[in-house]
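Engineer: Here it is, the structure, as C-alpha cells.
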Amino acid sequence: QVQFVESGGGLVQPGGSLRLSCTASGMFLEAYTIAWFRQAPGKQREVVAGISRGGNTNYADSVKGRFTISRDNAKNTLYLQMNSLKSEDTAVYYCRAWNSAGGFWGQGTQVTVSS
C-alpha cells in the first residue's frame, strides 16, 4: 500500500523559514515525477514546485527565489525548503508523485504564515 507521510508544517512569522518533508512507503519515488502543491482557503489547488526523475526543477513564479524543491531517492523523500515566507504562502501543502501508470497524493500539511 502506497503511503506518504508529510511533516514540517506549522506556524511561522513573515520572513521565516520552514522545511517540508514527504516520505513515501510502498513505492519508489525515483520512478516518479514529484511535486508540491498547495491549497489556500477558498482557492484552487496550485502547483508550487516540481522535480523530474532526472532532477530538473520548476517553480511557480510566486515562489521563485524563495522555495527550493529537492529529492533524496535513497531516503525515498521529497523536500521543500521555504524561505522568506509571506502571509500569502499560507495554505495546506501536498506532495504528489505521478508517472504514466498513475499518481498519488499526500495527506497535506498546514503552513500558516502570520505575525
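Engineer: Compute the whole-percent fraction of alpha carbon pairs in the stretch 36-115 spaced more than 21 Å apart. Display every interim value, and only then the final one.
Structural biologist: Details: 841 of 3160 pairs.
Result for the distance tail: 27 percent.
Engineer: While we're here: Among residues other than L85 whose Cβ falls under 15 Å from its Cβ, what is the net charge (Lys/Arg +1, Asp/Glu -1)? Could the numbers behind the result be given before it?
Structural biologist: On the way: positive: R19, R38, K64, R66, K86; negative: E88, D89.
Result for the neighbourhood of L85: +3.
Engineer: Which one, G50, G10, T77, projects farthest toward the positive side of the charge dipole computed for the stretch 1-78 from Cβ point charges (K/R +1, D/E -1)?
Structural biologist: Checking the options against the dipole of the stretch 1-78, the answer is G10.
Engineer: Can you work out ³J(HN,Hα) from phi for every residue in the stretch 94-106, in order, using Karplus 6.51 cos²θ - 1.76 cosθ + 1.60 and θ = phi - 60°, giving whole Hz and x for Gly and Pro?
Structural biologist: 10, 9, 9, 10, 8, 8, 5, 8, x, x, 9, 10, x
Engineer: A follow-up question, please. So, with +1 on the Cβ of K and R and -1 on the Cβ of D and E, and no other charges, what is the size of the charge dipole of the chain about its Cα centre, to the nearest 20 debye? List each step's numbers first, then the result.
Structural biologist: On the way: 11 positive and 7 negative charges, 13 e Å.
The calculated dipole for the chain is roughly 60 debye.
Engineer: With a 10 Å radius around each residue's Cβ, average the other Cβ atoms per peptide and rank 51-61, 83-93, highest first.
Structural biologist: Numbers: 51-61: 12.7, 83-93: 16.8.
Ranking the peptides 51-61, 83-93 by packing returns 83-93, 51-61.
Engineer: How far apart, in nanometres, would the label points at E30 and R66 be if each is projected 7 angstrom from Cα along the Cα-to-Cβ direction?
Structural biologist: A separation of 3.4 nm, rounded to one decimal place.
Every read-out reported here was derived from the displayed coordinates using simple, explicitly stated rules and does not represent laboratory data. A quick note: this is a predicted structure, and the numbers were derived from the prediction, not measured. Using ideal geometry, Cβ is built from the backbone for each residue, glycine included, and neighbour counts are taken over all protein chains shown.
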